[in-house]
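Asker: Can you read through this structure? Questions will come right after.
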Amino acid sequence: MGRPLRLLLAEDNATNRFVFSRLLRGTRIDVTIAENGVEAVRAAEETSYDLICMDMSMPEMDGLDATRAIRAGHGPNRRVPIVALTANAFAEDMEACRAAGMDDFLAKPVSKDVLFAAILRTLPAGTEAPAAEAAIPPMTTPSEDAMKPRRAA
């Protein structure tokens with residue numbers, strides 16, 4: 001790609017946002033934060049992302065409804081991979097995520113290895129993987145600015 005991977009993280013819990021950002025530290029992943037489903041849909045309509053990680057239980061609009069809205073919309077992320085993040089890892093939860101249009105499913109808490117495996121599974125073929133020392137051999141050394149999470153507008 002020649003640029004950092006652009007990831008939208010939709011997560012209402014501040015601790016989970018912090019942990020997720022720490023897992024991605026030292027990678028070529030530019031993270032934008034949405035604190036609820038409404039913010040996630042708005043961000044997905046305004047900015048192109050390479051991947052969306054979507055918490056299932058959020059205020060105002062849950063992850064399933066936000067995913068349906070993104071998939072039904074006309075924004076740049078209509079077909080971008082969406083990975084569900086949830087503490088509920090039951091078969092019916094996974095089925096509901098797939099039915100809403102999600103591409104993958106991760107149970108919290110998420111480890112670095114599991115997160116990177118999901119990123120690699122969901123990226124389109126030919127996409128350059130973001131480097132992480134512990135999970136993937138490094139390709140470049142990103143700047144600190146590339147890892148600072150930004151809040152979605």
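The values are calculated or read from the model by the stated rules, or taken from the named source; none is laboratory data. The structure presented is a predicted model; accordingly, all values stated were derived computationally and were not measured. Neighbour counts are summed over all protein chains in view; Cβ atoms, including those assigned to glycine, are modelled from backbone coordinates with ideal geometry. These area figures cover heavy atoms from the full protein model, side chains too; ligands, DNA and RNA do not enter into them. Shrake-Rupley method; radii C 1.70, N 1.55, O 1.52, S 1.80 Å.
Asker: Being touching a Leu at 6+ places or on another chain (Cβ under 8 Å) and open to solvent by less than 10 Å² (accessible area, probe 1.4 Å), is that true of even one residue in the range 11-19?
Answerer: Yes, the range 11-19 contains a residue that is touching a Leu at 6+ places or on another chain (Cβ under 8 Å) and open to solvent by less than 10 Å² (accessible area, probe 1.4 Å).
Asker: Could you go through the range 28-47 and let me know if any residue there is in contact with a strand residue (DSSP E or B) (Cβ under 6 Å, 6 or more places away or on another chain), without any contact (Cβ under 8 Å) to a residue 60 or more places away in the chain and closer than 23 Å to Arg3 by Cβ.
Answerer: No.
Asker: Oh, and also: Suppose we keep only residues that are β-branched (Val, Ile, Thr) and part of a helix (DSSP H, G or I) within the range 30-57. Which one would you say is surrounded by the most Cβ atoms within 10 Å (Cβ to Cβ)?
Answerer: So the residue we want is Val41.
Asker: Sort out which residues of the range 61-87 are surrounded by fewer than 18 Cβ atoms within 10 Å (Cβ to Cβ) and under 16 Å from Arg17 (Cβ atoms), and write them in order of number.
Answerer: Passing the criteria: only Ala87.
Asker: Would you confirm whether any residue within the range 88-95 is on the phi < 0 side of the Ramachandran plot, at pLDDT 90 or above and open to solvent by less than 20 Å² (accessible area, probe 1.4 Å)?
Answerer: Among the residues of the range 88-95, not one is on the phi < 0 side of the Ramachandran plot, at pLDDT 90 or above and open to solvent by less than 20 Å² (accessible area, probe 1.4 Å), which makes the answer no.
Asker: Considering only residues that are outside any helix (DSSP H, G or I) and farther than 20 Å from Asp62 by Cα, which ones fall in the range 1-29?
Answerer: Matches in the range 1-29: Met1, Gly2, Arg3, Pro4, Leu5, Arg6, Leu24, Arg25, Gly26, Thr27, Arg28, Ile29.
Asker: Within the range 58-76, is there a residue that is within 20 Å of Lys108 (Cβ to Cβ), hydrophobic (A, V, I, L, M, F, W, C) and part of a helix (DSSP H, G or I)?
Answerer: Looking through the range 58-76, at least one residue is within 20 Å of Lys108 (Cβ to Cβ), hydrophobic (A, V, I, L, M, F, W, C) and part of a helix (DSSP H, G or I).
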